[in-house]
Amino acid sequence: MLVKETKRYIKLKNKFQNDKLLTNKLETTIELFKKDKNDVSLQFKQIICKKDKNRYSIRVIGTKYRILMTVFDEYVELFCVCNHDKYDYYNKAC
């Protein structure tokens, strides 16, 4: 599956540049998602959202972070990597 990163996602991801372990886990998670989006460790799930009917999330393996995305027929667009508090905030305002 083709995965595209939005400018917002890249900006948020770059905040973790100094944390090499987290950066590696992000990359590992995305690679696993590309291979098998239904892998149990990703906890891939749809989010009920009025503004974005195709909003989903996955867990960054071994962390407290989640990646929010929009799933289209041809590709997936990553738009946020966030901790649980921000995750709740983004989805509550949805």
- Message: Between a residue in the stretch 45-59 that is within 20 Å of Glu74 (Cβ to Cβ) and any residue that is in a strand (DSSP E or B) and hydroxyl-bearing (Ser, Thr, Tyr), which pairs come within a Cβ distance under 8 Å, given they are 6 or more apart or on different chains?
- Response: Gln46/Tyr56; Asp52/Thr70; Asn54/Thr70; Arg55/Thr70; Tyr56/Thr70
- Asn38 under 20 Å from Lys7 (Cα atoms) and of a type in the set (S, T, N, Q): no
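Out of the strands (runs of 3 or more DSSP E) lying entirely within the stretch 11-94, which hold 1 or more residues that are touching a helix residue (DSSP H, G or I) at 6+ places or on another chain (Cβ under 7 Å) and of a type in the set (Lys, Arg)? First the steps, then the outcome.
Details: elements: 55-59, 66-71, 75-82.
It comes to 55-59, 66-71.
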- Has the stretch 86-93 got any residue that is aliphatic (A, V, I, L, M) and in contact (Cβ under 8 Å) with a residue 12 or more places away in the chain? no
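Read-outs: derived from the displayed coordinates by stated rules, not from any lab. The model shown is predicted, which means the values in this text are computed figures rather than measured ones. Positions of Cβ are backbone-derived with ideal geometry, glycine not excepted, and every protein chain shown enters the neighbour counts.
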